[in-house]
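Student: Next up is a structure, given as structure tokens.
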Amino acid sequence: GRTVYIANIDKKVDRNDVRAFFETLCGRVSKLRLLGDYQHATRIAFIEFFKAESAIAALNCSGALLGSLPIRVSPSKTPVRPDPRDGAESNQGKGKNGQAEPEALRDQAQAEAPASSEEAQQQGPVDVEVA
């Protein structure tokens, strides 16, 4: 696959930092989602590369410092949804398209979702993104 999941990302690091880090060491990034919220000390990202070799190189970056923390990189089977900030086709406010996401974030989002709204439960949790 061409997609990796990165955990333990320093909160001080932004999307451009993450992209620059992986493009410098691994190869061109086609899609990047940087996710997190104020409850968690660290953030996570999904990165899809143009080439599978880049994703393999990214796996070797586990333990490297990004900001002040060692990141953890693992293979991901989750396709990366385009980020509206990348100018790719927009989701136009639609919720999740039934895609998997890390359990901690999913559980967090479900705890905050209004339990009475059927629509919220059908669509699933919404990504909380911090710029």
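The values are calculated or read from the model by the stated rules, or taken from the named source; none is laboratory data. If you're wondering where the values come from, they're calculated on a predicted model, not measured in any experiment. Heads up, the Cβs are rebuilt from the backbone with ideal geometry, glycines too, and the neighbour counts pull from every protein chain shown. We work out accessible area using only protein heavy atoms, side chains counted, and drop any ligands, DNA or RNA first. Shrake-Rupley method; radii C 1.70, N 1.55, O 1.52, S 1.80 Å.
Student: Mind listing whichever residues of region 52-63 are loosely packed, with under 15 Cβ neighbours inside 10 Å, within 12 Å of F22 (Cβ to Cβ) and touching a residue at least 24 places away in the same chain (Cβ under 8 Å)?
Tutor: Step one: list which residues in region 52-63 are loosely packed, with under 15 Cβ neighbours inside 10 Å, which gives 52-53, 59-60, 63.
Restricting the remaining residues to those that are within 12 Å of F22 (Cβ to Cβ) gives 59-60.
Listed by number, the list holds a single entry, L59.
Student: Now a separate question. Residues of region 4-23 being open to solvent by 20 Å² or more (accessible area, probe 1.4 Å) and either aromatic (F, W, Y) or over 18 Å from L69 (Cα atoms) (or both), which ones? Walk me through how you get there before you give the answer.
Tutor: Within region 4-23, the first condition is being open to solvent by 20 Å² or more (accessible area, probe 1.4 Å), and the residues that meet it are 5, 8, 11-12, 14-17, 19-21, 23.
If the condition is that a residue be open to solvent by 20 Å² or more (accessible area, probe 1.4 Å) and either aromatic (F, W, Y) or over 18 Å from L69 (Cα atoms) (or both), then Y5, F21, E23 are the ones that fit.
Student: Same structure again: For A41, state whether it is more than 20 Å from P82 (Cβ to Cβ) and among the aliphatic types (A, V, I, L, M). Let's see the steps before the verdict.
Tutor: Numbers: more than 20 Å from P82 (Cβ to Cβ): yes; among the aliphatic types (A, V, I, L, M): yes.
The answer is yes for A41.
Student: Could you identify the single residue in R85, R72, R106 that is at pLDDT below 50 and more than 12 Å from the chain's Cα centre (by Cα)? Break it down into steps so the answer makes sense when it comes.
Tutor: Working: R85 fails: at pLDDT below 50; R72 fails: at pLDDT below 50.
Just one listed residue meets the conditions, R106.
Student: Still on this model: Taking only region 27-42 into account, find how many residues are of a type in the set (V, I, T) and open to solvent by 30 Å² or more (accessible area, probe 1.4 Å).
Tutor: Of all residues in region 27-42, those of a type in the set (V, I, T) come to 29, 42.
Add one more test, that the residue is open to solvent by 30 Å² or more (accessible area, probe 1.4 Å), and what stays is 42.
Here the count works out to 1.
Student: Restricting the search to region 27-60, which residues are within 12 Å of I71 (Cβ to Cβ) and of a type outside the set (A, V, I, L, M)?
Tutor: Those that are within 12 Å of I71 (Cβ to Cβ) and of a type outside the set (A, V, I, L, M): T42, R43, N60.
Student: Next question. Can you tell me which residue is nearest to G1 (Cα to Cα) among those in region 31-55 that are in contact with a Phe, Trp or Tyr (Cβ under 9 Å, 6 or more places away or on another chain) and of a type in the set (A, V, I, L, M)? Spell out the reasoning first.
Tutor: Filtering region 31-55 for residues in contact with a Phe, Trp or Tyr (Cβ under 9 Å, 6 or more places away or on another chain) gives 31-35, 44-47, 49, 54-55.
Then drop every residue that is not of a type in the set (A, V, I, L, M), which leaves 32, 34-35, 44-45, 47, 55.
Working: L32: 15, L34: 19, L35: 21, I44: 19, A45: 16, I47: 11, A55: 7 Å.
Ranking the candidates gives A55 first.
Student: Would it be correct to say that R72 is farther than 18 Å from A20 by Cβ and either surrounded by fewer than 18 Cβ atoms within 10 Å (Cβ to Cβ) or touching a Cys at 6+ places or on another chain (Cβ under 8 Å) (or both)?
Tutor: Working: farther than 18 Å from A20 by Cβ: yes; either surrounded by fewer than 18 Cβ atoms within 10 Å (Cβ to Cβ) or touching a Cys at 6+ places or on another chain (Cβ under 8 Å) (or both): yes.
It is true that R72 is farther than 18 Å from A20 by Cβ and either surrounded by fewer than 18 Cβ atoms within 10 Å (Cβ to Cβ) or touching a Cys at 6+ places or on another chain (Cβ under 8 Å) (or both).
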